[in-house]
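Here, each number is a calculation from the coordinates, and none is a lab measurement. Given the structure is predicted, the values throughout are model-derived calculations rather than measurements. Here the Cβ is made from the backbone with ideal geometry for all residues, glycine too, and neighbour counts use every protein chain on show.
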Amino acid sequence: MSGIETAGWDVIVAGGGNAALCAAIEAAEAGARVLVLEGAPKDYRGGNSRHTRNFRCMHRGPLSVLTDSYGEDEYFDDLIRVTKGETDEGLARLAIRQSEDCLPWMERHGVRFQPSLSGTLSLSRTNAFFLGGGKALVNAYYNTLEDLGVTVRYEAQVTHVHIENGQFEALDVTLDGESLRILGRALVLASGGFQSDIDWLARAWGPSARNFLIRGTRYNRGVVLADMLEQGAESVGDPTQCHAVAIDGRAPKYDGGIVTRLDCVPFSIVVNRDGDRFYDEGEDVWPKRYAIWGRLVAAQPDQVAYSIIDSRSVELFMPSVFPPEKADTIAGLADKLGLPADKLTQTVEVFNAACGEGTFSPQELDGLATEGVEPPKTNWARPIAEPPFYGYSLRPGVTFTYLGLKVDETARVSGPDGRYANIWAAGEMMAGSILGQGYLAGFGMTIGTVFGRIAGQEAAAHVV
Amino acid sequence: MSFDAATQSPSTDTIAEARRQVEICNACRYCEGFCDAFPAMFAERAFGDGDIVQIANLCHNCRGCYYSCQYTEPHEFALNLPQALADVRVDSWDRYGWPGGLGALFQRRGVALSTALVAGIALLFLAQAMLTPASGDGFYAVLSHTVMVAIFLPAFLFPMVVLALGLRAYWRDVGGAPVRWTHLHRAALRAGQLKNLDGGQGQGCNFEKGDRYSQARRHAHQATFWGFLLCFASTSSGTLMHYLLGLEAPYGLLSLPKLLGVPGGLLLTLGAFGLAGLKLKADPQLGAQKAWGGEMAFVLLLGLTGLTGLILYAVSGTGAVPAMLALHLGAVLTLFLTTPYSKMAHGFYRFAALVRDAQQRQA
């Protein structure tokens, strides 16, 4: 084991997801001796990348599986819309511009793309989907690293970064139950956010965060991020915020991933634990609203809500991974969901009475709105009237946290005395620089790939 | 006793487990581009037993979905779709093969198939000993044409009748419609190219190299399949030459039976032993584990059939002919008779599944 401590690593990469792997590949291809330290066991390697499904990519004409074109300005406008301006324009445009070169690079390194999945046609122009999803991408990159002769260690938790005079010297690492000090000449940090450390999440957000579900890996505990911040590394992103969406309340605590999403809200009424409605379920189409529902549910008692539909709506959305609760009466459904039966019956009756005449049209904003009920439902307001009735529980599912390390256009990290000589960061760990708020589908993989590659190239150039 | 295979109820355990997994897949869809099984799956919201059996028979066990899956163990969803569908498939072939129980025997027990082989060879030795022909050339000097036909005609027709009944039951279970030329055309193209083993983009499958793609299994299977068809065509051409043209064996090297049979035998032998070698390297937990022995015995039997045929040709004119003839014909006899109950059945049901899939895509 002592061999690994003094093996003379040119570049050490802390992390094992998309950004870490892109950095390791670039550094190894530049001739550096590279060590990858992945905190997770091999079965769960890849961080949140293993749950991803696509890569948002600028392109000036049809490219691989992408149709038509998607220019820099349109891409940037999309980003401004979701972040409400909370971005670093220079870094954002860098990520956008370089994404076009990344797609062929990804293909050369074993990633395979497939046309937009059924049910996601709206993304066929902007997002290139991975054949088999993010885990297939992660597998391809680990195979590339193996072919390049890169050493990868799993269950290798970095606990401390030794920095002397603005220069990285060594890492403290727990590996196979031993504490090691591993020397290296350059360091790439790509070990994600802190959303899986529930205590940290509760300190940042408030105690209700203990009831949140974590959609991705349980290994993003922010250990390295915390260590760097303690040493005075410059940070970006709101330390109290996380990106959360409303997901199936029965999802596992960690790693539920894509299948736990529920698309039924626009065709339902949503009530809280007490049987009360609390927000306009029909405000907009679901892809534009699912993110705010994470926060809405988080604000309800016990951080739980219930989406109620009738038999006419059951096939209007993507199938759920868990079957809904089902009953012939609203009271019966309330019993199964653990809701007060009288109250739920009353809420449904009031809602139904407020529904007017009109044409229900699930694929568009149909303007079928309630009258005289608070909160209103402004589209798809059709009575919950045809048994059997179905109910799903909803909980906030955390995707990622915004707090990260501030980097420059070369992905270099800064400390209390200016830029560190030999420390770079990529991926979720620095994504807060660009995504200050909100989320744009497939953009996390873009940031990870672009800045992972830059970090790997820069780190290698520093030592080789 | 009934000829109606469908009167036996499906194995609810394997179908229920496959349904559980397929419902998770249907909420994810990341694997859509690998093969025909996923688009077929994603066209449904609820899965009846027939739907599951159809999806299972569409699956060629390329394993791409397993290695890409974020929900395999130790994840609590414990997805292993290649295994779940293989279990349903094996059960379905058991169920459709009349009389019931033989499928379970020969598909799952390599020992059973080996025993059948020994019996087949012994039968041929016995036939040679008891029915020595008065005259004849080549191997007809060992066993007369009449005796061969008397043994092999029923040994060929019986499995065909059983398979036809099984396929009829399959077709009813999966809700098949009347078959049109376009359905057969699409199915034949996809079967002939082994499209469902190419990973969706021609990169191959994940059989013997884990999460790396490889063409080895597809190539070995193509050699086996086309080698077998060439051997079958060789025998058929010999039969036609015998009856229609009065040209009797032995045939020269430049005759149709030999031009088809020698390359066919080589392909079949190399392909089948290649498949056996790949099977040793692959993870048995991603297939029907209970059928591993029977499947291995089956590919070895295929390889042995090809190899003994080649040796039989190589030793012609020597004293080794009677022994080799018994070995070769014994292997062929076993292969034919066990067709509805061995892995050999997969080709027929898989083709039916491809035809049904062509129909559903048109619908």
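May I ask for log10 I(q)/I(0) of segment B:102-362 at q = 0.08, 0.12, 0.13 Å⁻¹, from a Debye sum over the Cα atoms as equal point scatterers with solvent left out?
Normalising to I(0) and taking log10 leaves -0.36, -0.80, -0.93.
Average partner chain C-beta neighbours within 10 Å, per residue of A:257-269?
For peptide A:257-269, the averaged partner shielding equals 2.
Using the Cβ atoms and a cut-off under 15 Å, what net charge is assigned to the surroundings of A:Tyr44, where Lys and Arg are +1 and Asp and Glu are -1?
Residues close to A:Tyr44 contribute a combined charge of +2.
Ignore the peptide's own chain and count Cβ atoms of other chains within 10 Å of each Cβ in B:66-76; give me the average, rounded.
Mean inter-chain Cβ contacts per residue within 10 Å come to 6.
Take A:Glu315 and B:Phe156, extend 7 Å from each Cα along the Cα→Cβ direction, and tell me the distance between the two endpoints in nm.
Rounded to a tenth, the inter-label distance reads 4.8 nm.
Can you tell which of B:Phe225, B:Tyr170, B:Pro133 lies farthest toward the positive end of the dipole of segment B:102-362, using +1 and -1 charges on the Cβ of basic and acidic side chains (Lys, Arg; Asp, Glu)?
Among B:Phe225, B:Tyr170, B:Pro133, the one farthest towards the positive end of the dipole of segment B:102-362 is B:Tyr170.
Note the count of lysine pairs whose C-alpha atoms are less than 24 angstrom apart in chain B, limited to pairs 8 or more residues apart or on different chains.
13
Among the lysines, which fall within straight-line cross-link reach of A:Lys326, defined as a Cα-Cα distance under 21 Å, with same-chain neighbours fewer than 8 residues apart omitted?
Within the straight-line limit of under 21 Å, A:Lys326 reaches these lysines: A:Lys336, A:Lys343.
Give the distance, in whole Å, between the Cα centre of segment A:116-135 and the Cα centre of segment B:285-306.
Taking the Cα centre of each part, segment A:116-135 and segment B:285-306 sit 38 Å apart.
Taking only Cα atoms, what is the 0 to 90° angle, nearest 10, from helix B:256-281's long axis to the longest principal axis of chain B?
Computed tilt is about 40 degrees.
Over the protein assembly as shown, what is the percentage of antiparallel beta bridges among all DSSP beta bridges, to the nearest 5?
Expressed as a percentage, antiparallel bridges in the protein assembly as shown total about 75.
How high is the relative contact order of chain B, given as a whole-number percent (alpha carbon pairs under 8 Å, six or more residues apart)?
Normalised by residue count, the contact order of chain B is 26 percent.
Please give the residues of segment B:244-279, grouped as numeric ranges, whose backbone N is less than 19 Å from a label point set 7 Å along the Cα-to-Cβ vector of B:Trp226.
B:257-276
Pull out a ≥ b ≥ c, the square roots of the eigenvalues of the alpha-carbon gyration tensor of segment A:289-361, then state rounded if a/c is under 1.5, prolate if not and a/b is larger than b/c, and oblate in the remaining case.
rounded
Just the number, please: percent antiparallel of the DSSP beta bridges in segment A:1-150, rounded to the nearest 5.
About 65 percent, rounded to the nearest 5.
Could you give the size of the charge dipole of segment A:89-216 about its Cα centre, using +1 on the Cβ of each K and R and -1 on the Cβ of each D and E, expressed in debye and rounded to the nearest 20?
That gives segment A:89-216 a dipole magnitude of about 560 debye.
How far apart, in nm, are two points set 7 Å out from the Cα along the Cα-to-Cβ line at A:Asp284 and at B:Val321?
8.6 nm
With an 8 Å Cα cut-off and a minimum separation of 6 or more residues, compute the relative contact order for chain A in percent.
24 percent
I'd like the FRET efficiency for A:Leu365 and B:His185, computed as 1/(1 + (r/R0)^6) with the beta carbon distance as r and R0 of 60 Å, rounded to 0.05.
Result of the calculation: an efficiency of 0.85.
Can you say what percent of the DSSP beta bridges in chain A, counting only those with both residues inside, are antiparallel? Round to 5.
75 percent
Take the alpha carbon atoms of segment A:264-306, find their center, do the same for segment B:78-104, and report the distance between the two centers in whole angstrom.
44 Å
Please report the net charge: other residues with Cβ closer than 14 Å to the Cβ of A:Leu403, K and R +1, D and E -1.
-4
Explain nothing, just the number: relative contact order of segment B:288-363, from Cα pairs under 8 Å at least 6 residues apart, as a whole percent.
Relative contact order, segment B:288-363: 35 percent.
What FRET efficiency comes out for the pair A:Gln241/A:Asp199, r = Cβ-Cβ distance, R0 = 22 Å, nearest 0.05?
Calculated value: 0.85.
Please compute the modelled spin-label separation between A:Asp328 and B:Arg212, points set 7 Å along Cα→Cβ, answer in nm with one decimal.
6.1 nm
From a point 7 Å beyond the Cα of A:Ala7 in the direction of its Cβ, which residues of segment A:159-186 have a backbone N at a distance under 20 Å?
A:159-162, A:169-186
So in the protein assembly as shown, which Cys have no other cysteine's beta-carbon sitting under 4.7 angstrom from theirs?
Singleton cysteines: A:Cys22, A:Cys57, A:Cys102, A:Cys242, A:Cys264, A:Cys355, B:Cys25, B:Cys28, B:Cys35, B:Cys59, B:Cys69, B:Cys231.
What does the net charge come to around A:Asp342 if you take all other residues with beta carbon closer than 14 Å to its beta carbon, with K and R at +1 and D and E at -1?
-3
Ignoring everything except DSSP H segments at least 4 long, calculate the 222 nm mean residue ellipticity for chain B; use -39,500 (n - 2.57) per segment, divide by total residues, nearest 500.
Using -39500 (n - 2.57) per qualifying helix, the result is -22000 deg cm²/dmol.
When ranked by the protection proxy of mean other Cβ atoms within 10 Å per residue, highest first, what sequence do the peptides A:320-328, A:332-340 form?
Ranked by mean Cβ neighbours within 10 Å, highest first: A:332-340, A:320-328.
Using only atoms on other chains, find how many Cβ atoms lie within 10 Å of each Cβ of peptide A:33-46 and report the average.
1
Going by a ≥ b ≥ c, the root eigenvalues of the Cα gyration tensor, does the protein assembly as shown fall in the rounded group (a/c under 1.5), the prolate group (a/b larger than b/c) or the oblate group?
Verdict is oblate for the protein assembly as shown.
Is the shape of segment B:5-96 best called rounded, prolate or oblate, per the rule: a/c under 1.5 gives rounded, else a/b larger than b/c gives prolate, else oblate, with a ≥ b ≥ c the square roots of the Cα gyration tensor eigenvalues?
prolate
Please give the length that would be gained between A:Glu386 and A:Asn211 if that part of the chain were fully extended, namely 0.36 nm times their separation in residues minus their C-alpha to C-alpha distance (nm, one decimal).
59.7 nm
Take the alpha carbon atoms of segment A:167-192, find their center, do the same for segment A:309-348, and report the distance between the two centers in whole angstrom.
Distance between centres, Cα-based: 51 Å.
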